[in-house]
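Colleague: This is the structure, below, for whatever I ask next.
The values are calculated or read from the model by the stated rules, or taken from the named source; none is laboratory data. Since this is a predicted model, take the numbers as computed values, not measurements. Every residue, glycine as well, gets a Cβ built from its backbone with ideal geometry; the counts of neighbours run over all protein chains shown.
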């Protein structure tokens with residue numbers, strides 16, 4: 001019997017779901033619950049999403065810059081799942097657990113205008129309803145997401161906490177995504193755009209997800225959202241604040257709060 005056949009993702013999924021709902025942070029998963037590789041990690045991730053009971057609003061990508069896709073980063077590109085209740089519009093108030101930090105990344109989000117089966121259809125822009133400017137808020141269930149290793153971080157749904165979607169981007173071309181980008185907090189700029197091969201190319205990173213979903217036979221439903229990775233240097237923040245991201249003339253605004261009743 002192989003390691004994958006003996007590993008059960010349910011205990012880790014239950015622990016991570018509890019942490020997600022209560023806001024309590026974990027130092028690490030117990031050794032006997034901890035995924036040892038990415039196959040086990042994605043099994044925990046899927047069980048976690050099922051445990052939370054919301055379904056799937058779409059997918060997110062991490063580490064899928066051109067350098068990451070070429071295998072030049074310490075960790076390989078990874079995928080996570082967007083939870084419906086945590087995909088919100090511009091102007092939203094995002095709560096993080098008390099005493100915790102969050103990481104913010106300005107991204108491009110694609111929304112699909114029809115159901116697609118990636119295993120059977122190559123990607124085409126005609127499948128899209130729109131592209132939007134967005135900010136992803138990462139707030140891991142671990143006190144230090146970098147110390148637990150990639151497998152545990154993938155199991156934790158790559159730290160997904162919230163996605164705030166703003167203005168539509170027109171035209172839906174790579175040149176639009178190359179515009180000047182940044183993130184501001186209370187009027188002060190806290191993140192600048194990544195440069196060169198460190199900056200996500202949204203269509204390129206979407207291709208990685210397309211291949212991944214195709215291999216798993218996953219259906220991309222009507223209205224599904226895909227956030228493709230950071231255009232900006234990730235910004236670590238804590239406490240309250242009002243935020244605005246800009247890409248060219250497009251904007252997205254939101255506020256961050258911390259509550260004991262999380």
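Colleague: Please enumerate the residues belonging to segment 196-218 that are assigned to a loop (DSSP other than H, G, I, E, B), modelled with pLDDT under 95 and at negative phi.
Modeller: The first filter runs over segment 196-218 and keeps only residues assigned to a loop (DSSP other than H, G, I, E, B), leaving 199-201, 217-218.
Checking the rest, the ones that are also modelled with pLDDT under 95 come to 217-218.
Correct list: 218 only.
Colleague: Turning to a different aspect of this structure: Can you name the residue in segment 115-129 that is surrounded by fewer than 15 Cβ atoms within 10 Å (Cβ to Cβ) and in contact with a strand residue (DSSP E or B) (Cβ under 8 Å, 6 or more places away or on another chain) and is also farthest from residue 257 (Cα to Cα) among such residues?
Modeller: Ranking the qualifying residues of segment 115-129, first place goes to 117.
Colleague: What is the number of the single condition among (1) on the phi > 0 side of the Ramachandran plot; (2) in contact (Cβ under 8 Å) with a residue 24 or more places away in the chain; (3) assigned to a loop (DSSP other than H, G, I, E, B) that residue 229 does not meet?
Modeller: (3)
Colleague: Related question: Can you name every residue in segment 62-77 that is assigned to a strand (DSSP E or B) and at pLDDT 95 or above? Lay out the reasoning, then the answer.
Modeller: Filtering segment 62-77 down to residues assigned to a strand (DSSP E or B) leaves 62.
Listed by number, the list is empty, since nothing qualifies.
Colleague: Can you tell me which residues in segment 232-252 are in a strand (DSSP E or B) and under 27 Å from residue 141 (Cβ atoms)?
Modeller: So in segment 232-252, the residues in a strand (DSSP E or B) come out as 232, 235-237, 241-247, 250-252.
Answer for segment 232-252, where residues must be in a strand (DSSP E or B) and under 27 Å from residue 141 (Cβ atoms): 232, 235, 236, 237, 241, 242, 243, 245, 252.
Colleague: From the list 137, 87, 108, which one is closer than 22 Å to residue 243 by Cβ and touching a helix residue (DSSP H, G or I) at 6+ places or on another chain (Cβ under 6 Å)? So that I can check it myself, show each step before the final result.
Modeller: Working: 137 fails: touching a helix residue (DSSP H, G or I) at 6+ places or on another chain (Cβ under 6 Å); 87 fails: touching a helix residue (DSSP H, G or I) at 6+ places or on another chain (Cβ under 6 Å).
Criteria check complete, one pass: 108.
Each row is one residue, and each column tells you yes or no for (1) within 28 Å of residue 258 (Cβ to Cβ); (2) surrounded by 18 or more Cβ atoms within 10 Å (Cβ to Cβ).
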| residue | (1), (2) |
| --- | --- |
| 33 | no, yes |
| 48 | yes, yes |
| 87 | yes, yes |
| 93 | yes, no |
| 98 | yes, no |
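Colleague: Hey, another quick one. Within segment 141-160, track down each residue that is crowded, with 22+ Cβ neighbours inside 10 Å, in contact with a strand residue (DSSP E or B) (Cβ under 6 Å, 6 or more places away or on another chain) and within 22 Å of residue 65 (Cα to Cα).
Modeller: Matches in segment 141-160: 154, 157, 158, 160.
Colleague: With the condition kept exactly as written, say whether any residue in segment 178-195 is in a helix (DSSP H, G or I) and at pLDDT 95 or above. Break it down into steps so the answer makes sense when it comes.
Modeller: Going through segment 178-195, the residues in a helix (DSSP H, G or I) turn out to be none.
Looking through segment 178-195, none of the residues is in a helix (DSSP H, G or I) and at pLDDT 95 or above.
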